[in-house]
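The values are calculated or read from the model by the stated rules, or taken from the named source; none is laboratory data. No experiment lies behind these values; they were computed from the predicted model shown. Heads up, the Cβs are rebuilt from the backbone with ideal geometry, glycines too, and the neighbour counts pull from every protein chain shown.
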Amino acid sequence: MTPRHQSRVAAIDLGSNSFHLIVARAGDGQLHILDRMRERVLLAVGLDAKGNLSAAAQERALRALRLFGQRVAHMPEESVRVVGTNTLRRARNAKPFLRRAHKVLGHPIEVISGREEARLIYLGVAHSVAETQGRRLVIDIGGGSTECVIGKHFEPLAADSLYMGCVSYSLGFFPGGRIRHEHLERAEIAARLDFETLASRYSAMKWKECLGSSGTILATEQVLRVNNWSDRGITREALQKLRKALIQVGNVDALAQMRGIPADRASVYPGGFAILNAAFEAFGISRMMTATGALREGLIYDLLGRFGHEDVRDATVHQFAERYGVDFEQAARVERTALEFLRAAAEEWDLQRSTSRQYLSWASRLAEVGLSISYNGYHKHSAYIVSNADMPGFSREGQTFLAALIRGHRRKVADAMFRDVTEEQQRDAKCLCVLLRLATRLHRGRRARAVPRIRLIVAKHRIDLHFPRGWLAQHPLTRADLGNEANRLQPLGIELSAS
């Protein structure tokens, strides 16, 4: 489905401070915003000392998702993307919460890595500002993390996520909501230490302009403007004036009365300001302009790219295959056979979603990346790489699903290999893994024309492979391989026969 035929798309950003929903329509090469919603949830406030989300925070989140769910209730699943960020990356009890959230919202929720969040933020920012020729530094201060990106045009060249945000810093450095010189100084030093891990590398990339996005930075630009401290973006001099004003105000309750500070942001503003001021110092920023686009807009553009056959995940898989020296011809042979088997099994096994084809295709191409480490147990090495690497375009759940297919595509296979896949996807993962196993076995010889036309017939717990008459008798190795495979599929409850 292309953007031309897609009437509406939606993106939901489950941030550490607020949840955001945006509904848009693409047409004539432009994005038309149809609706926006924002609910202040303060998810990060609900993380206890053990890293668990409190019941109160979960209820605040579910209330917001019920509202959002009504807005996207009639939209097809493929036209809605929902992502969780830093707090859901950190929460130890995120999985049970996400299951409840999925039911309330009616759409699956992906938890994305910090670098993937940074990539999407850059995409949203780049589409919301005028094109330039030089490199840009983009900074986004969220509730639980701060994303830093250097990019050119629409392409991020470096993307990083730091574990510091306006909520966590406001709670950690400003006790009781008090704003003192020593509080600001401690928060700024802590932020500088984190930024210093990036400063040298970013300086060497010679960025030309700096852009800031999201709540803290947009609120700062507003307060500077209404108080006549800056009429064009955020400057270092204007920030020092604001810093003095914050200390004079003295606490977050009074801060809510300050011109330009949104009342619902006052409680988390001091921490965000400290991070912003530290960024100016660490990166040598003299002026930062603001951008209206951010993560949710980036999600929309990324989603439209998937409809327009410009899925960044395809490029990621190709880059990984090249980087790890995959035999492209062998991968293509396995992929063709696996996809032929999928077409035969799709209706009976309910694998007709486009994602089934995508993940089986990607798994076929990446199954052998572990050979770059060692032949012994290479499927385990491949799964580890796919599970733990930064893979632009993929969520954590997507990488886990892909890694499960790869981990189980050879040697022993068992239900336990799929325990990290979400409950809703475990059956699909096992079925696709079986198809990948069969394709891999049949192409063990790595020869261009070793496999004849095969008819695959599936029932719920059974697979029958039908070869041309006499072919198996002439290929005893393949017959033996399939016999071994029949034994190995028994733990998954699959009966295999070949004739």
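Being over 24 Å from residue 163 (Cβ atoms) and more than 27 Å from the chain's Cα centre (by Cα) is true for just one of 313, 323, 287. Which residue is that?
Working: 313 fails: more than 27 Å from the chain's Cα centre (by Cα); 323 fails: more than 27 Å from the chain's Cα centre (by Cα).
Criteria check complete, one pass: 287.
Yes/no per residue for (1) farther than 30 Å from residue 233 by Cα; (2) buried (at least 17 other Cβ atoms within 10 Å of the Cβ); (3) free of Cβ contacts under 8 Å to residues at least 24 places away in the same chain:
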{"site": "298", "(1), (2), (3)": "no, yes, no"}
{"site": "316", "(1), (2), (3)": "yes, yes, no"}
{"site": "333", "(1), (2), (3)": "yes, yes, no"}
{"site": "352", "(1), (2), (3)": "yes, no, yes"}
{"site": "355", "(1), (2), (3)": "yes, no, yes"}
{"site": "359", "(1), (2), (3)": "yes, yes, no"}
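Test each condition in (1) in contact with a strand residue (DSSP E or B) (Cβ under 9 Å, 6 or more places away or on another chain); (2) of a type outside the set (Phe, Trp, Tyr); (3) at pLDDT below 95 for residue 194 and report the one that comes out false.
Unmet for residue 194, out of (1) in contact with a strand residue (DSSP E or B) (Cβ under 9 Å, 6 or more places away or on another chain); (2) of a type outside the set (Phe, Trp, Tyr); (3) at pLDDT below 95: (3).
Scan the stretch 433-480 for residues that are among the charged types (D, E, K, R) and surrounded by 18 or more Cβ atoms within 10 Å (Cβ to Cβ) and report the count.
To start, the set of residues in the stretch 433-480 that are among the charged types (D, E, K, R) comprises 437, 441, 444, 446-447, 449, 453, 455, 460, 462, 464, 469, 479.
Now drop any that are not surrounded by 18 or more Cβ atoms within 10 Å (Cβ to Cβ), which leaves 437, 441.
Final tally of qualifying residues: 2.
Looking at residue 480 and the list (1) under 35 Å from the mean Cα position of the chain (by Cα); (2) more than 30 Å from residue 96 (Cα to Cα), which single condition is not satisfied?
Result: residue 480 fails condition (1) only.
Which one of 237, 221, 209 is of a type in the set (Asp, Glu) and under 22 Å from residue 170 (Cβ atoms)?
Numbers: 237 fails: under 22 Å from residue 170 (Cβ atoms); 209 fails: under 22 Å from residue 170 (Cβ atoms).
221 is the lone residue from the list that is of a type in the set (Asp, Glu) and under 22 Å from residue 170 (Cβ atoms).
Is the stretch 464-471 home to any residue that is assigned to a strand (DSSP E or B), of a type outside the set (D, E, K, R), within 17 Å of residue 408 (Cβ to Cβ) and without any contact (Cβ under 8 Å) to a residue 60 or more places away in the chain?
The answer is no; no qualifying residue exists.
Only residues that are surrounded by 15 or more Cβ atoms within 10 Å (Cβ to Cβ) and under 18 Å from residue 412 (Cα atoms): list them for the stretch 372-388, please. Spell out how you get there, then give the answer.
Going residue by residue through the stretch 372-388, those that are surrounded by 15 or more Cβ atoms within 10 Å (Cβ to Cβ) are 373, 378-387.
If the condition is that a residue be surrounded by 15 or more Cβ atoms within 10 Å (Cβ to Cβ) and under 18 Å from residue 412 (Cα atoms), then 378, 379, 380, 381, 382, 383, 384 are the ones that fit.
Those residues that are among the polar types (S, T, N, Q), more than 18 Å from residue 426 (Cα to Cα) and touching a helix residue (DSSP H, G or I) at 6+ places or on another chain (Cβ under 6 Å), I need them from the stretch 362-390; list them, please.
Within the stretch 362-390, 364, 382 qualify.
Among what's in the stretch 351-391 and is outside any helix (DSSP H, G or I) and hydroxyl-bearing (Ser, Thr, Tyr), pick the residue that is farthest from residue 323 (Cα to Cα).
Selected residue: 375.
Can you name every residue in the stretch 408-417 that is buried (at least 24 other Cβ atoms within 10 Å of the Cβ) and part of a helix (DSSP H, G or I)?
none
Restricting the search to the stretch 24-66, which residues are in contact (Cβ under 8 Å) with a residue 40 or more places away in the chain, β-branched (Val, Ile, Thr) and under 26 Å from residue 307 (Cβ atoms)?
Selection gives nothing.
Please state which of the following conditions residue 260 fails to meet, knowing it meets all the rest: (1) of a type outside the set (A, V, I, L, M, F, W, C); (2) part of a helix (DSSP H, G or I); (3) within 15 Å of residue 216 (Cβ to Cβ).
(2)
Do the conditions hold for residue 170, that is, is it of a type outside the set (D, E, K, R), at pLDDT 95 or above and touching a Lys or Arg at 6+ places or on another chain (Cβ under 9 Å)?
no
Take residue 438 and tell me if it is assigned by TED's automatic domain parsing to the domain that holds residue 337, in contact (Cβ under 8 Å) with a residue 24 or more places away in the chain and either among the charged types (D, E, K, R) or out of contact with any strand residue (DSSP E or B) (no Cβ under 6 Å at 6 or more places or on another chain) (or both).
When the stated conditions are applied, residue 438 passes them.
Which residue is nearest to residue 312 (Cα to Cα), if the candidates are limited to the stretch 360-392 and must be β-branched (Val, Ile, Thr) and within 23 Å of the chain's Cα centre (by Cα)? Give the derivation first.
Restricting attention to the stretch 360-392, the residues satisfying the condition of being β-branched (Val, Ile, Thr) are 369, 373, 385-386.
Now drop any that are not within 23 Å of the chain's Cα centre (by Cα), which leaves 369, 385-386.
Numbers: 369: 19, 385: 18, 386: 16 Å.
Residue satisfying both the conditions and the ranking: 386.
How many residues, within the stretch 108-140, are small (Gly, Ala, Ser) and free of Cβ contacts under 8 Å to residues at least 40 places away in the same chain?
1
Please enumerate the residues belonging to the stretch 423-451 that are under 24 Å from the mean Cα position of the chain (by Cα) and either at pLDDT below 90 or of a type in the set (Lys, Arg) (or both).
423, 424, 427, 430
Consider only pairs whose beta carbons are under 6 Å apart and that are at least six residues apart or on different chains; among these, list those whose first residue lies in the stretch 147-173 and is within 19 Å of residue 88 (Cα to Cα) and whose second residue is assigned to a strand (DSSP E or B) and among the polar types (S, T, N, Q).
If the second residue must be assigned to a strand (DSSP E or B) and among the polar types (S, T, N, Q), the pairs left are 147/161; 162/146; 164/146.
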